[in-house]
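See structure below.
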Amino acid sequence: MSRPGPDGDSSENAVSVLELRGVSKTYGREPAIVHALAGVDLSVRAGEMVAVMGPSGSGKSTLLTIAGSLEDPTSGDVLVCGIALAGMPQGRKARLRRRVIGYVFQDFNLLPGLTAAENAALPLELDGVPVPKARAAALAAMEALGVADRAGWFPDQLSGGERQRVAIARAVVGDHRLLLADEPSGALDSVNAGEVMRLLHEACQRGVAAVVVTHDAQLAAWADRIVLLRDGRMTGKTTRPPGPESLLTPGEIR
Amino acid sequence: MLLALLSQGPKYGLQLREEFEAGTGEVWPLNVGQVYRTLGRLERDGLAESDDTGQEGPQKRFRITPRGEQALAAWLRTPPDLTSPPRDELVMKVLVAARVPGTDTREVIQAHRVYLLELMQQWTRLKEGEARDDLSLALVVDSELFRLDAVIRWLDAAEVRLARAAAEPPRPASAPDPAPQLRRLGARR
């Protein structure tokens, strides 16, 4: 509840929720070595949403699994909330993952035998949080996403849009501070896909940091920053554009 | 467009301008002179008529005629002319970049891609804010986002094509392409 505000944290000293420093990842060995990532630097602050775009095979998904501590980089450092992951024992790493990181998957991955609230509470329960406390946190997250009234429903009773909301509630529940999303809008039509991005961006404005991997420019455009990957390298990034006012021709008459 | 507004009931010129702007998400400002010129034309063609109050200017109220209603219905269903591609400055630049010696076309394409993404981010901020409660604006913003998205996809495709062309040895320009059937016959051997 005491997360930093959505803005005002642009100062250099604000601690990054996620920081990649010179991260490289190679698979295989010479001569058949594959450089999935090559010297990637990325810093994502609380309240910020960064989209990672690139063609398939550019290293987007590798970047996400490394950021989520599911894989170790070949070289370079990964810091989550200022804590370096290198050399951290597996158990501690798993705990950090459960406590701090939320995932949104392409197909939402809700468990069919559990209600919406049970699904949303699951990460906390797995982390040993007592059930009533976990449920309360899940309900709070669902409330913020407008699906609290669906708490007792099962996934197959929910619409596609409601399922997305529950999946996002599960990703931000409790004290999750880093959201990692891989093509989070799945096969939804463009209006509903935009709605997923709106919800993720709103979650960021409440203080979480998000990295969203997508190949879709319309979805990436919801992010505060877009970085472009190709062949494992960062080849470009957008700067924070001016507000939308600059698009509209001023109404000179009147 | 003005006929569409008049089809909802008689209106004054100034009112038409305001409603036009509100109805298009205020993306295309209209000056009042344009409104009156268009109304004059509509009246001349018998598509709209004004109250015969003898007054001029803003006091005049316009209404649609039955002929105007027919013309409106026909206009709505007439496809705009999209047959010939517009002369596109970006397409030109990429075509030219491929011919200027020492130009890194990838870098040229990337610069345009980043700029287009930034524009899309701005439109999306609009969608996130004002366009939430303004259906007309939301529709206009969507159309702009789809247009910019299409340009980015074209850049992606152009990049792949240019990379492929650079990797392949150039074919002799004079030799005409063999007919497709011949090529297929040849491949069987």
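Bear in mind these aren't lab numbers, they're just calculated from the coordinates by the rules spelled out. Just so it is clear, the structure is predicted and the values come from calculations on it, not from any experiment. In this analysis, Cβ positions are derived from the backbone assuming ideal geometry, glycine residues included, and neighbour counts consider all displayed protein chains.
What to note about this one:
- Taking segment B:1-115 as the region of interest, the helices (runs of 4 or more DSSP H) fully inside it that hold 3 or more residues being touching a residue at least 40 places away in the same chain (Cβ under 8 Å) and either farther than 30 Å from B:LEU135 by Cβ or away from every other protein chain (no Cβ under 14 Å) (or both) are B:2-6, B:66-77, B:89-97.
Each row is one residue, and each column tells you yes or no for (1) among the polar types (S, T, N, Q); (2) touching a Lys or Arg at 6+ places or on another chain (Cβ under 8 Å); (3) over 30 Å from A:LEU219 (Cβ atoms).
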position: B:ASP51; (1), (2), (3): no, yes, yes
position: B:ARG77; (1), (2), (3): no, no, yes
position: B:PRO80; (1), (2), (3): no, no, no
position: B:SER84; (1), (2), (3): yes, no, yes
position: B:GLY102; (1), (2), (3): no, no, yes
position: B:VAL108; (1), (2), (3): no, yes, no
position: B:ARG113; (1), (2), (3): no, no, no
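- Among the residues making up segment A:175-232, those that are surrounded by fewer than 18 Cβ atoms within 10 Å (Cβ to Cβ) and of a type in the set (A, V, I, L, M, F, W, C) are A:ALA187, A:LEU188, A:VAL191.
- If you go through segment A:95-122 and keep only what is in contact with a Leu (Cβ under 7 Å, 6 or more places away or on another chain) and buried (at least 22 other Cβ atoms within 10 Å of the Cβ), you end up with A:ILE101, A:GLY102, A:VAL104, A:ALA116, A:ALA117, A:ASN119.
- Yes/no for A:GLN164 being under 25 Å from A:ILE226 (Cα atoms), away from chain B (no Cβ under 14 Å) and free of Cβ contacts under 8 Å to residues at least 60 places away in the same chain: yes
- Scanning segment B:129-142 turns up no residue that is under 16 Å from B:GLU26 (Cβ atoms), in contact with a Pro (Cβ under 7 Å, 6 or more places away or on another chain) and among the polar types (S, T, N, Q).
- Matching entry among A:LEU180, A:LEU188, A:LEU139 (being of a type in the set (A, V, I, L, M) and in a loop (DSSP other than H, G, I, E, B)): A:LEU188
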